[in-house]
Amino acid sequence: MKSKHLLARTLLIGLLLLSIGMLAWALAVRLPEINRIREANQKAFRLQDRVEQLEIRRSELQTQVTNKMSQAFSQMFDGIPAVRDWYSAMTKEGAKSGFQVTPSPSEPSSAPSPFQEEALIVPTTVQIQPVGEKPEDVNRHSQLVTMVKGWLTHGKRIEMEGMTVKGDGTRFSAATLSLRLWVEQGTEVTQ
């Protein structure tokens, strides 16, 4: 009987020693590996959160770009017929103010990126001369400036590259405006 108890105790002690060895191995080998895996998982979760934040930011920026592009297109002339209408309106407004206004478009060129596929730049020279000036019409400069300001702020994208005014200091005899009109591409410019 003693030998059976001895054998049972030996087995129990062996199992206990084996369990302690397995525990020591798990703590020495497996625990650092588990910690590395846990850290890697945490890093992956942080990166996934960052990717989601960046995706949200990209979506917001894409919406802003789309809105700004829509706004930019809404400020462009709707094709060459709209430019011709604007030229006609300029001429009529000038005549009402006592000026002869003669717009002369040049060959269009592609707009800068990102609009180069969708828009044209139409360089336009506008000649302005006072008509029927009388001696009391000394202050035509302010009328000219007001008229030009109205053209440049009417809601369409027009860039003024320069303005030359000729005169004697009290009256002007001619003015030349250099403009760049932004036009949605799709039609040809004809003079």
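Odds and ends about this structure:
- Checked against the criterion of being among the small types (G, A, S), not in a loop (DSSP other than H, G, I, E, B) and not assigned by TED's automatic domain parsing to the domain that holds S173, the candidates S59, S104, S88 yield just one match: S59.
- Positions within the stretch 54-80 being closer than 17 Å to E159 by Cα and free of Cβ contacts under 8 Å to residues at least 40 places away in the same chain, in sequence order: Q71, S74
- A single member of V101, V65 is at pLDDT 90 or above, of a type in the set (V, I, T) and surrounded by 11 or more Cβ atoms within 10 Å (Cβ to Cβ), and it is V101.
- Within the stretch 76-98, considering residues that are more than 23 Å from R140 (Cα to Cα) and hydrophobic (A, V, I, L, M, F, W, C), the one surrounded by the most Cβ atoms within 10 Å (Cβ to Cβ): V83
- Taken together, the residues in the stretch 111-124 that are touching a residue at least 40 places away in the same chain (Cβ under 8 Å) and either basic (K, R) or exposed (fewer than 15 other Cβ atoms within 10 Å of the Cβ) (or both) amount to 2.
The values are calculated or read from the model by the stated rules, or taken from the named source; none is laboratory data. Model, not experiment: these values are computed from the prediction. Counting neighbours? That spans all protein chains shown, and the Cβs are built from the backbone with ideal geometry, glycine included.
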